Amino acid sequence: MTADLAALLPPGIPPLVAGLLVLTAAATSFITAALGVGGGVVFLAVLGLFAPPSALIPVHGVVQLGSNVGRTLLMWRDISTAPLLTFGIGSLVGAAVGGSIAVDLPPHWLRMGLGLFILFAVWGPKPELGRAGLWVGGGVTSFLTMFFGATGPLVATLIKALALDRVTHVATFSACMCLQHGIKIAAFGILGFAFAPWAWLLAAMIAAGLAGTVIGRHVLLRTPDRRFHRLLDILLTALALRLLWMGLSA
């Protein structure tokens, strides 16, 4: 039976590791549904321990797309649709540019830049965010996600500037991430990444992510607005400090 299961998994991923990744997908989807952000970064960190580097970003993108699609369908009535077109156009341009050129930016500089940006967005002055801000933000984050993967905290800072209530924030954030991950997956497919060997494991992780989303949504609905935004600030700050530490350590 173990041999049959191993035959369904991608090379180099034993059944025990596959089970761990499925549980991680559920837990990180719960985190994002309950707190609005953070699950994608945690999942990327765990996936990076086991997946080959060439598969890390595209596989992460498919799982995050599945998780965000489930969250978007559950919360579609609460989505603020106004930012979607602008963010989507920016994402398309950013992914096209990122997928068409070879970028040789040292990862530690990228991590430190992301960390500093997140800290400024959380604790710095809050400028008015218009259509141009979402266009540029969608383009920049989609460009970066082709090389870094988990740009959810950056997108969360863009959505946070819209000053939405907690449920609308999570619903709109999920819809924006669906756009970004969908465009990224299409770009990797065009570039030739083979998703087929990962199909069964991807399906299991997406299903587990949906279960985590359902549970996390119940926690979100019981969290007061003030407590939600405080937790979101704390989580974004922790992620930013982690990125800075990773960059400085390198």
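Structural remarks
- Among the residues of the range 190-206, those that are assigned to a helix (DSSP H, G or I) and touching a residue at least 40 places away in the same chain (Cβ under 8 Å) comprise Ile190, Leu191, Pro197, Trp198, Trp200, Leu201, Leu202, Ala204, Met205, Ile206.
- Selected residue [in contact with a Leu (Cβ under 9 Å, 6 or more places away or on another chain), of a type in the set (Gly, Ala, Ser) and modelled with pLDDT under 70] from Gly88, Gly66, Gly130, Gly99: Gly99
- Here Leu105 passes the criteria (1) assigned to a helix (DSSP H, G or I); (2) at pLDDT below 80 except the one numbered (1).
- Just one residue in the set Gly88, Gly66, Gly38, Gly61 is at positive phi, in contact with a helix residue (DSSP H, G or I) (Cβ under 7 Å, 6 or more places away or on another chain), in contact (Cβ under 8 Å) with a residue 12 or more places away in the chain and buried (at least 18 other Cβ atoms within 10 Å of the Cβ); that residue is Gly38.
- Selection from the range 7-60 of residues that are among the hydroxyl-bearing types (Ser, Thr, Tyr) and over 17 Å from the mean Cα position of the chain (by Cα): Ser54
- Residue satisfying condition, being under 22 Å from Leu232 (Cα atoms) and of a type in the set (Gly, Ala, Ser), within set Ala203, Ala187, Ala171, Ala196: Ala171
- Residue satisfying all of: in the range 194-226; more than 10 Å from Leu35 (Cα to Cα) and among the charged types (D, E, K, R); modelled with the highest pLDDT among these: Arg222
- Looking across the range 32-48, the residues that are aliphatic (A, V, I, L, M) and modelled with pLDDT under 80 come down to Ala33, Ala34, Leu35, Val37, Val41, Val42, Leu44, Ala45.
- Search result, residues across the range 42-58 that are of a type outside the set (Gly, Ala, Ser), part of a loop (DSSP other than H, G, I, E, B) and in contact (Cβ under 8 Å) with a residue 12 or more places away in the chain: Phe50, Pro52
- Residues of the range 150-170 that are assigned to a helix (DSSP H, G or I) and of a type outside the set (Ser, Thr, Tyr): Gly152, Pro153, Leu154, Val155, Ala156, Leu158, Ile159, Lys160, Arg166, Val167, His169, Val170.
- In the set (1) farther than 21 Å from Ala240 by Cβ; (2) touching a residue at least 24 places away in the same chain (Cβ under 8 Å); (3) more than 18 Å from the chain's Cα centre (by Cα), the condition left unmet by Leu162 is number (1).
The values are calculated or read from the model by the stated rules, or taken from the named source; none is laboratory data. This one's a predicted model, so the numbers in the text were calculated from it and none came from an experiment. Ideal geometry is used to build each Cβ from the backbone, glycine not excepted, and the neighbour counts take in all protein chains shown.
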